[in-house]
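To start, the structure under review is shown below, and the notes come after it.
Derivation of every value follows stated rules applied to the coordinates shown; laboratory data play no part. The structure displayed is predicted, hence computed values, not measured ones. Virtual Cβ from ideal backbone geometry, glycine too; neighbours counted across all protein chains shown.
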Ligand code: SF4
């Protein structure tokens, strides 16, 4: 598939956003999380598909622990059909919802073998037909395994993008569409990772660390929590994609663990 977009400087791409405030936010995210990438360990699309199914209501860290013992033993879809449901349950037992996930993984593997020659399909429409694969999982696979621009909306992306005013809906699908509208296409996949990292490191669900957030000056929710004008002391120009703004705000906060997950 050749729908992958050639790599370009994310800061340069951020400046293509139609809304200068969005451009400024993207530029700061690009600078704050230059190494943001998929945290699920995988070597091919099939492994990523299985890891993403396992990741529902389970941390990426735990999924990686499970897949390190799972993938060497069961490298191909056929291998999941050669063992019983109970055996697979045992292998993924320390992952939440393991019975349901084992059922879905085996059913998905059966479809991959019978319909796709053991390969993972490369379209959203085909992926979401697989048991245990919703739109979010499909977008994760499309963007990370096949390089197709996509924004997978998980709980972090939903929360952070709505707080930042990049989206305005509690509905993941509407949020995905609003993000696709606001963010330049070449940044869709990276923006997904940036928002996840920001949600994990700073914009926590219960107690977002607004006072140390590099996006504070551009964030309606942060301004609401801390008062109008909060974050303006950096002297950074508001609402614009100027590099000086991003640099200045980055210096205010190089948040602890900002580059990790
Ligand atoms: S200012 Fe607060 S609410 Fe806004 S993105 Fe930062 S941590 Fe989240």
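Over the chain, what number does the Rg to Rh ratio reach, with both radii from the alpha-carbon atoms and Rh per Kirkwood?
1.02
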Seminar exercise, completed: Here the gain from full extension of residue 18 to residue 78, 0.36 nm per residue of separation minus their alpha-carbon distance, amounts to 16.9 nm
Problem set entry | Cα gyration tensor shape of region 45-146, rounded if a/c is under 1.5, else prolate or oblate by comparing a/b with b/c | oblate
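Subtracting the Cα-Cα distance from 0.36 nm times the residue separation, let me have the gained length for residue 99 to residue 85 in nm, one decimal.
Answer, rounded to one decimal: 4.2 nm.
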For this session: Quickly work out the residue 204-to-residue 185 label distance, labels modelled 7 Å from Cα along the C-beta direction, and quote it in nm with one decimal.
Result: 3.9 nm
Exercise. What's the FRET efficiency of residue 232 with residue 168 using the Cβ-Cβ distance as r and R₀ = 30 Å, to the nearest 0.05?
Worked result: 0.80
Problem set entry | Separation of alpha-carbon centers, region 98-164 and region 1-71, rounded to whole Å | 14 Å
Problem set entry | Cβ-Cβ FRET estimate between residue 57 and residue 224, R0 fixed at 25 Å, reported to 0.05 | 0.25
Problem set entry | Global form of region 85-188, assessed from the alpha-carbon gyration tensor, a/c cut-off 1.5 | oblate
